[in-house]
Amino acid sequence: MRPLKTFIIYARKDESFKDDLLLHLKGTLIETGHLEVWQDGAILPGEEWEKAIEKQLDAADLFLILLSIHSLTSEFIRKKELVRALEKKSRIVPIHVRSCFWQKNPVFAGLQGLPKNMKPVASFADQDEAWTEIMEKLHEMVEAIRAEKKPAPAASPAKPTQPQTAARPKPAPPPGLPDMIPVKGGAFTMGSPKNEKDRSYDETEHQVTLSDFLIGKYPVTQRLWKEIMGNNPSQFKGDDLPVETVSWGDVQEFLKKLNARYPGHRYRLPTEAEWEYAARGGNLSKGFIYAGSNNIDEVAWYTGNSGSKTHPVGQKKANELELYDMSGNVWEWCADWYGDYPSQPQTDPAGPDSGARRVRRGGSWHFDPQFCRVAYRSHWLPGERNSNLGFRLAASPQ
C-alpha cells in the first residue's frame with residue numbers, strides 16, 4: 001500500500017515546531033513507508049508558490065496542523081489551507097504546540113487532538129516526551145487508516161490436490177530496527193551451584209519463571225548509537241564495535257529517542273533475570289559456564305585474547321539462542337537495581353524497588369574468565385562510564 005500523502009499546516013513563526021515534527025516523523029512513519037510528507041522547501045525557484053501549495057493540498061490524504069495563536073490568526077491558513085482540507089473531507093489532526101484558545105474554533109472544537117488533553121508541546125519540560133506521545137498516537141491512527149484502505153481479499157482459490165510445502169517468506173523488518181531474537185519464556189534456576197569454580201557469594205540459586213520477551217542479537221553498536229543520538233562517546237571507535245563509555249542514564253536517553261523513532265516497539269534494558277536466562281540459552285540451554293560454550297575463547301573477548309580493546313560484534317560463536325557477545329567484549333547494563341537474590345521462587349522479577357547501584361552483566365575485554373560466566377553478577381553506579389561498559393536491548397512481545 002502506498003504511503004499516505006501528508007500536508008503540514010503551520011505558521012512561519014512555528015517553524016521550529018514543524019522541524020521537530022518532521023524529525024520525529026522521519027525516524028518513524030516516513031522511514032517505514034507509512035507517510036509521505038511534502039515540504040514547502042521543495043518549491044523550486046521560479047515556480048508559482050501558491051499553485052504549488054494548491055497542488056499538494058489537492059493530493060493530500062492527511063493534514064497535520066500545528067495549533068498556536070499564529071496559525072489560528074493566519075488568513076492564508078484559515079481561507080486557503082483549512083478550507084481545502086475541509087472540502088476534501090480528509091483526516092485533520094490538530095497538534096497543539098503553543099498555548100492558545102483553540103477550544104471555540106468550530107474547525108477544531110470537535111476533533112481529537114494531540115498531545116494528550118491537548119497540552120501544548122511548548123509546556124513540556126522535555127519536549128521529546130511530547131513528540132514521543134504524538135508519534136505513538138499518529139502511528140495508531142495511520143495503521144487504522146491503512147487497514148480501512150486495504151482492498152477486499154480475493155476469493156479463495158480451489159484447494160490444490162497436492163499440499164503446498166513452500167514456506168512463506170518472513171517479512172523484512174522496517175529499515176533501521178535493531179536485530180531482535182524472540183525468547184520463549186520458561187522456568188530456570190538462576191544463580192550458580194556451590195561447586196561452580198570461581199562462584200561468587202551472591203549467586204544464590206533460586207527458581208525463576210519468565211514470560212516471553214525479545215533481546216538484541218548483538219550488543220548495541222556505535223552505528224546504531226550514532227544514528228539515534230548523533231554522537232559517539234566510545235573510547236574505541238568503529239561502527240560495528242559495541243558502543244561503550246555510556247552510563248545507565250545515557251542509555252535511558254537513548255531508549256527514549258529510539259522509542260520515539262519506532263513507536264510501538266517499547267525497547268528497554270533486559271532485567272537481570274532475562275539477561276541470565278538468555279545468556280544461558282533459554283529453554284535450549286546446554287548448561288554452559290559461558291554464553292554458548294565451556295571454552296571461553298570460543299565465545300568471548302576477554303583479557304586473555306582481546307588485545308586490550310573491544311572487537312566488532314558477532315565475531316565469536318553464538319550461544320544456543322543465536323545471541324552473540326553475551327560473555328565478554330563489554331559489560332552490559334541491566335534494568336535492575338542491584339540487591340540480594342530472593343529466597344523464594346520468582347515470576348518475572350525486576351529486582352529491588354530502589355538501590356545505589358545498577359546491575360551489569362557479562363564481563364568484558366578487560367576482565368578475566370571468571371567474570372564472564374553467565375551466573376556472575378556485577379554492579380556499578382548508574383552515572384559511571386568506562387570503556388568496558390555497554391548494553392543490549394530487550395522488548396516485550398507486541
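Any read-out appearing in this document is the output of simple, stated calculations on the displayed coordinates, not a laboratory observation. Not measured: the values here are computed from a predicted model. Here the Cβ is made from the backbone with ideal geometry for all residues, glycine too, and neighbour counts use every protein chain on show.
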(message) Could you compute how fast the range 310-360 diffuses translationally, taking Rh as the Kirkwood radius over C-alpha pairs and applying Stokes-Einstein at 25 °C with viscosity 0.890 mPa s? Give it in µm² per second.
(response) 183 µm²/s
(message) Assuming 0.36 nm per residue, please report the length gained on full extension of the stretch GLU143 to ASP202 beyond their Cα-Cα distance.
(response) 16.5 nm
(request) Using the charge dipole of the chain (Lys, Arg: +1 at Cβ; Asp, Glu: -1 at Cβ; taken about the Cα centre), state which of ALA52, GLY249, TRP380 has its Cα farthest towards the positive end. (result) ALA52
(request) Mind computing the radius of gyration and Dmax over the alpha-carbon atoms of the range 35-113? Å is fine for both. (result) 13.1, 40
(request) Per residue of the range 230-245, in order, report the coupling 6.51 cos²θ - 1.76 cosθ + 1.60 (Karplus, θ = phi - 60°) as ³J(HN,Hα) in whole Hz, putting x for Gly and Pro. (result) x, 8, 9, x, 5, 6, 9, 8, x, 4, 8, 7, x, 5, 9, 6
(message) I need the calculated FRET efficiency for the pair ALA122 and LYS256, taking r as the beta carbon distance and R₀ as 22 Å, to the nearest 0.05.
(response) 0.70
(message) Need the C-alpha centroid separation for the range 329-398 versus the range 233-302, integer Å.
(response) 10 Å
(request) Would you mind ranking TYR267, TYR201 so that the residue whose beta carbon has the fewest other beta carbons within 10 Å leads the list? (result) TYR201, TYR267
(request) Provide, as a two-decimal number, the C-alpha radius of gyration of the range 1-134 over 2.2 N^0.38 Å, N being how many residues it has. (result) 1.02
(request) Compute the whole-percent fraction of alpha carbon pairs in the chain spaced more than 28 Å apart. (result) 56 percent
(request) Quickly estimate the mean residue ellipticity at 222 nm for the chain, helices only: each DSSP H run with n ≥ 4 gives -39500 (n - 2.57), and the total goes over all residues, rounded to 500. (result) -6500 deg cm²/dmol
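Given just the C-alpha atoms of the range 230-269, how large is their convex hull per residue in cubic angstrom? Before the final figure, lay out the partial values.
Working: hull volume 3.3 nm³, N = 40.
For the range 230-269, the hull spanned by Cα atoms encloses 83 Å³ per residue.
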(request) Take the Cα pairs of the range 233-345, get the Kirkwood Rh, then feed it into Stokes-Einstein at 25 °C and 0.890 mPa s and tell me D in µm²/s. (result) 156 µm²/s
(request) Work from the charge dipole of the range 267-324 (Cβ charges, +1 for Lys and Arg, -1 for Asp and Glu, about the Cα centre) and give the residue of TRP275, ALA300, LEU321 farthest towards its positive end. (result) ALA300
(message) Among PRO106, LEU35, ILE9, whose Cα projects farthest towards the positive end of the dipole of the range 1-111, with charges put on the beta-carbon of Lys, Arg (+1) and Asp, Glu (-1)?
(response) PRO106
(message) Could you tell me the calculated FRET efficiency between GLU50 and ASP212, based on Cβ-Cβ distance and R0 = 56 angstrom, to the nearest 0.05?
(response) 0.55
(message) Can you give the FRET efficiency to the nearest 0.05 for LYS104 and LEU177, using r as the Cβ-Cβ distance and R₀ = 45 Å?
(response) 0.55
(request) List every residue whose amide H lies under 5 Å from the amide H of GLU320, counting only residues 5 or more places away in sequence or on a different chain, with H placed 1.01 Å from N in the peptide plane. (result) GLY292
(message) Testing the spin-label approximation: label points 7 Å from Cα along Cα→Cβ at GLN39 and GLU227. State their distance in nm.
(response) 2.0 nm
(message) What are the ³J(HN,Hα) couplings of the range 282-297, residue after residue, when phi is run through the Karplus curve with 6.51, -1.76, 1.60 and θ = phi - 60°? Round to Hz, x for glycine and proline.
(response) x, 7, 9, 4, 9, x, 6, 6, 9, 6, x, 5, 8, 9, 4, 5
(message) Using amide H atoms built in the peptide plane, which far-off residues or other-chain residues are under 5 Å from SER378 H to H?
(response) ARG360
